[in-house]
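What follows is a single structure, written as structure tokens, with notes after it.
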Amino acid sequence: MLKYSVGLDISSKKNDCCFSSIDMGQKVTVQSTVMVPNDPKGFNLLLGWIEKNHRQKEIPLVICMEATGVYYESCALYPFEKGYRISVVLPNKAKKYLQALGLKSKNDSIDSKGLAEMGAEQNLKSWEPMGKYFYELRQFTRQYQYTGADHCL
């Protein structure tokens, strides 16, 4: 094995997950798939599932997901804080990659497998979260927008 890769297709309620490996012949093999809730309990289940499948700890592992609005952020942050390498790709890049593989169908399971293959085959840029200040500032600006505070002026 050269590398392990976990592909995550993120939605508001659930995450479709695919654990793959790539060998010396550059063949990507799906090891396991699972669906977990997109919440802290689901993130714990996800990490337990990854640990169960990541048998050879000396082999690098990457978790690859699309930047799907705000839904991916918590799912990316949780394993990042546990020391995992995360790669977040733009949806159009993932779509073009799947098209290049000849995958015409599109569903959550196929997307997670495609993201796992992408993570295994490519040396994707590692993701790091913004500073907590930026998340707090964004939350305040959203709260300001949704409370109609601009009508108070």
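The values are calculated or read from the model by the stated rules, or taken from the named source; none is laboratory data. It should be emphasised that the depicted structure is a prediction, and the values quoted were computed from it without experimental measurement. Positions of Cβ are generated from backbone atoms using ideal geometry, with glycine treated the same way; all protein chains shown enter the neighbour counts.
A few points about this structure:
- Which numbered condition Asp16 misses (of (1) under 11 Å from the mean Cα position of the chain (by Cα); (2) in a helix (DSSP H, G or I)): (2)
- Residue that is more than 21 Å from Ile22 (Cα to Cα), without any contact (Cβ under 8 Å) to a residue 12 or more places away in the chain and in contact with a helix residue (DSSP H, G or I) (Cβ under 8 Å, 6 or more places away or on another chain), where the choices are Lys82, Lys106, Lys41: Lys106
- Restricting attention to the range 106-153, the residues that are part of a helix (DSSP H, G or I), touching a Leu at 6+ places or on another chain (Cβ under 6 Å) and at pLDDT below 85 total 0.
- There is at least one residue in the range 23-36 that is farther than 18 Å from Leu2 by Cβ and either crowded, with 20+ Cβ neighbours inside 10 Å or touching a His at 6+ places or on another chain (Cβ under 8 Å) (or both).
- Restricting the range 56-105 to residues that are assigned to a loop (DSSP other than H, G, I, E, B) and under 18 Å from Asn15 (Cα atoms), the residue that is modelled with the highest pLDDT: Tyr84
- Members of the range 1-18 that are surrounded by 13 or more Cβ atoms within 10 Å (Cβ to Cβ) and within 17 Å of Glu66 (Cβ to Cβ): Ser5, Val6, Gly7, Leu8, Asp9, Ile10, Ser11, Lys14, Asn15, Asp16, Cys17, Cys18
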